[in-house]
Amino acid sequence: MSSVVIAQNVSKAFGSTKAVDNVSFTIEKGRITGLIGPNGAGKTTLLKAVLGLTDCQGSLTVLGLDPFRQRKELMRNICFIADVAVLPRWIRVSQMLDFVEAVHPNFSRKKAEELLSETKVRATAKVRELSKGMVTQLHLSIITAINAKLLILDEPTLGLDIIFRKEFYGNLLNDYFDGERTIVITTHQVEEIENLLTDVMFINDGRIVLNASMDALPEQFAELMTSGENADEARKLGPIFEREVFGKNVLTFDGVNREKLSPFGEVRTPDVADLFVAKVKGVA
Amino acid sequence: MIGNQVALVRRELWEHRSLYVVPAVLGLVLVMGAVTGQVTISGFGTHVDMALLGATNIGVNERGAGLSLLLAAFAGLFVIAMWILTVFYSLDSLYAERKDKSILFWRSMPVTDAETVVSKLLTALVVIPIVTLAFIALTELLVLLVTSIWVGLRGADAWHLIWAAVPLVDNWSATLLVVLAVSLWLAPFVGWFLLVSAYTKRSPLLMAVLPIILLPMLERIIFGSNLLSEAIYSRTSSIPIFKGYDGLELFDNHSLLEAAKEGISLVSLLDIGKFLSSPGLWVGLVVCGLFTTAAMYVRRFRDES
């Protein structure tokens with residue numbers, strides 16, 4: 001009941017390439033899940049399937065609906081930003097609000113106007129006259145003013161400067177997230193959203209290589225910083241990935257007790273970006 | 001459903017400003033023509049100056065006929081402009097949103113693809129004709145007003161000579177029926193344009209026109225028949241709405257003037273029953289429906305990456 005997305009054996013192929021290959025997962029209500037993967041890993045395809053923008057094989061249920069066949073019903077309770085600057089360039093801000101107000105039963109124009117009044121976006125401006133950052137502010141204001149159960153952000157801050165990105169995620173947490181709503185985010189800048197997430201899902205070559213809650217990561221994964229003979233000894237414990245930092249060897253372990261590792265050097269929890277590289281590039 | 005249609009059609013008018021800017025400019029040009037005396041009533045076979053309209057030896061029927069012909073000529077200009085606008089509008093309607101990548105935003109709203117495509121069809125077949133009619137009526141009123149001032153300045157009684165003689169309501173009713181009928185009659189083309197607009201990756205105009213030219217040629221080469229070219233030609237050259245005429249020759253041989261001189265209303269020249277019972281209309285609407293449905297499926301199933 002509290003599962004927002006339930007995917008069972010979901011696949012999607014374009015010709016002979018499988019963009020999404022037999023993927024199964026659930027996303028629970030109230031979670032902020034980071035969907036992380038390299039370019040072409042199948043993130044966007046998977047999100048499109050969840051949004052009902054593309055058909056797929058397997059069983060996919062979003063908010064209890066079949067996304068492809070019940071897209072209209074679904075869109076009352078889902079918001080998404082697919083990419084920045086996809087708003088129609090010819091429309092005026094006020095027209096945009098008029099339109100969303102007319103077609104969206106869960107949209108609060110008052111809230112959108114409140115949010116916009118804190119920005120430089122004027123109601124009479126056309127989207128083409130706004131900077132990229134302002135377009136994103138407009139889009140985010142509209143989305144935030146929609147009382148949706150699931151928010152999907154696909155590279156929402158691509159091409160924006162760092163100040164804006166920080167603000168974006170700050171606003172997302174303060175204005176949007178209330179524990180009832182569920183958010184799925186993809187981004188290349190993992191380190192910026194790491195503190196936000198409650199769950200991470202790694203996807204590579206259309207397959208999910210890791211699906212874990214952030215709280216569970218320290219229990220499962222450890223990173224050992226070591227060198228020389230200690231490194232050789234530690235390698236016998238079966239690291240999933242190894243890299244070199246300032247002449248030291250950093251070994252990433254999956255499911256190896258930290259007490260076994262600590263004699264060989266400094267042990268800590270890998271950050272999401274490093275863990276991602278380890279899971280994708282390392283031999284699992 | 002209906003609320004969504006209103007919002008969607010309004011959206012179309014926001015995006016495609018040319019739908020009212022073009023008729024507004026055309027109307028403005030005609031009104032300016034009247035102000036500068038360029039537009040005169042030329043329906044009497046000879047070029048007639050405004051002053052002649054005041055001549056008392058022309059009867060009320062002839063004055064009405066002359067004015068009707070002038071207004072019909074105005075309406076004709078607007079209908080030509082309307083069709084050019086409709087072609088470009090329908091070719092652009094499902095192409096622009098993909099080209100500027102805003103389609104994902106539109107599809108993030110709780111609106112089905114079918115509703116969106118229907119709103120574009122409605123805009124092309126109903127909204128554009130009604131907008132056109134509104135500009136025709138406004139232009140005609142302004143031109144008649146300007147003409148009244150001309151006539152008045154020459155000491156004649158404009159109310160009696162113009163406003164009492166011109167059958168405005170009859171003209172407008174006939175114009176409304178004709179613009180709607182033309183739209184419905186040419187609906188299969190609109191359906192085809194919508195499909196091309198939803199499907200093509202580039203140059204919708206070329207992609208829409210090429211098959212219309214090439215397929216009849218292929219038919220002739222392969223089967224030696226002319227069914228397609230006849231179907232296309234007969235549809236663009238005639239419309240079964242005028243009483244006693246198959247096509248537009250009503251306007252060619254002064255029949256309209258003759259009819260108007262006898263005080264016959266323009267509406268009575270139209271045969272709505274014949275139009276509505278003509279198989280060509282319904283075949284065309286079915287073809288339009290098939291193309292439109294295909295456009296809905298293309299919008300729904302196409303993966304924009």
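The values are calculated or read from the model by the stated rules, or taken from the named source; none is laboratory data. Not measured: the values here are computed from a predicted model. Note: ideal-geometry Cβ built from the backbone for every residue, glycine included; neighbour counts use all protein chains shown.
Of the residues making up segment A:50-78, those that are closer than 19 Å to A:Tyr176 by Cβ and within 7 Å of chain B (Cβ to nearest Cβ) number 2.
Here B:Ser183 passes the criteria (1) more than 20 Å from the chain's Cα centre (by Cα); (2) among the polar types (S, T, N, Q); (3) at pLDDT 90 or above except the one numbered (1).
Number of residues in segment A:102-127 that are facing chain B (nearest Cβ under 10 Å) and either loosely packed, with under 14 Cβ neighbours inside 10 Å or part of a loop (DSSP other than H, G, I, E, B) (or both) equals 3. Can you find a residue in segment A:164-175 that is among the aliphatic types (A, V, I, L, M), surrounded by 16 or more Cβ atoms within 10 Å (Cβ to Cβ), touching a helix residue (DSSP H, G or I) at 6+ places or on another chain (Cβ under 6 Å) and more than 8 Å from every other protein chain (Cβ to nearest Cβ)? For segment A:164-175, residues among the aliphatic types (A, V, I, L, M), surrounded by 16 or more Cβ atoms within 10 Å (Cβ to Cβ), touching a helix residue (DSSP H, G or I) at 6+ places or on another chain (Cβ under 6 Å) and more than 8 Å from every other protein chain (Cβ to nearest Cβ): absent.
Residue check: is A:Leu47 within 14 Å of chain B (Cβ to nearest Cβ), under 19 Å from A:Val184 (Cα atoms) and free of Cβ contacts under 8 Å to residues at least 24 places away in the same chain? In short, no.
For every residue, the table says whether it meets (1) in a loop (DSSP other than H, G, I, E, B); (2) hydroxyl-bearing (Ser, Thr, Tyr); (3) under 21 Å from the mean Cα position of the chain (by Cα).
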{"site": "A:Gly40", "(1), (2), (3)": "yes, no, yes"}
{"site": "A:Leu46", "(1), (2), (3)": "no, no, yes"}
{"site": "A:Val86", "(1), (2), (3)": "yes, no, yes"}
{"site": "A:Arg89", "(1), (2), (3)": "yes, no, no"}
{"site": "A:Leu97", "(1), (2), (3)": "no, no, no"}
{"site": "A:Val100", "(1), (2), (3)": "no, no, no"}
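Set side by side, the residues A:Thr226, A:Thr187 differ, and just one is polar (S, T, N, Q), crowded, with 20+ Cβ neighbours inside 10 Å, more than 22 Å from A:Arg89 (Cα to Cα) and touching a Phe, Trp or Tyr at 6+ places or on another chain (Cβ under 6 Å), which is A:Thr226. Of the residues in segment A:137-153, not one is more than 26 Å from A:Arg76 (Cβ to Cβ), modelled with pLDDT of 85 or more and either more than 18 Å from the chain's Cα centre (by Cα) or within 12 Å of chain B (Cβ to nearest Cβ) (or both). Summed over segment A:131-163, the residues that are part of a helix (DSSP H, G or I) and either polar (S, T, N, Q) or under 16 Å from A:Leu87 (Cβ atoms) (or both) give a count of 13. Elements of the type helices (runs of 4 or more DSSP H) sitting completely within segment B:81-125 and holding at least 1 residues that are among the acidic types (Asp, Glu), within 13 Å of another protein chain (Cβ to nearest Cβ) and surrounded by fewer than 20 Cβ atoms within 10 Å (Cβ to Cβ): these cover B:113-122. Among strands (runs of 3 or more DSSP E) entirely within segment A:184-284, having at least 1 residues that are farther than 27 Å from A:Ile27 by Cα and outside the structural domain of A:Gly42 (by TED's automatic domain parsing) singles out A:221-226, A:241-245, A:248-254, A:266-268. Would you confirm, using the coordinates I've provided, whether A:Leu158 is of a type outside the set (S, T, N, Q) and either in contact with a Cys (Cβ under 7 Å, 6 or more places away or on another chain) or crowded, with 19+ Cβ neighbours inside 10 Å (or both)? The answer is no for A:Leu158.
Confirm whether B:Trp159 is out of contact with any strand residue (DSSP E or B) (no Cβ under 7 Å at 6 or more places or on another chain), part of a helix (DSSP H, G or I) and surrounded by 14 or more Cβ atoms within 10 Å (Cβ to Cβ). When the stated conditions are applied, B:Trp159 does not pass them.
Residues that are closer than 18 Å to A:Ile185 by Cβ, among the small types (Gly, Ala, Ser) and surrounded by fewer than 21 Cβ atoms within 10 Å (Cβ to Cβ) within segment A:1-42 comprise just one, A:Gly30.
For segment B:60-77, the count of residues that are out of contact with any Gly (no Cβ under 9 Å at 6 or more places or on another chain) and closer than 30 Å to B:Gly3 by Cβ is zero. Among the residues of segment A:251-264, those identified as under 14 Å from A:Lys236 (Cα atoms) and either surrounded by 15 or more Cβ atoms within 10 Å (Cβ to Cβ) or in contact with a strand residue (DSSP E or B) (Cβ under 7 Å, 6 or more places away or on another chain) (or both) are A:Leu251, A:Thr252, A:Phe253, A:Asp254, A:Val256, A:Leu261, A:Phe264.
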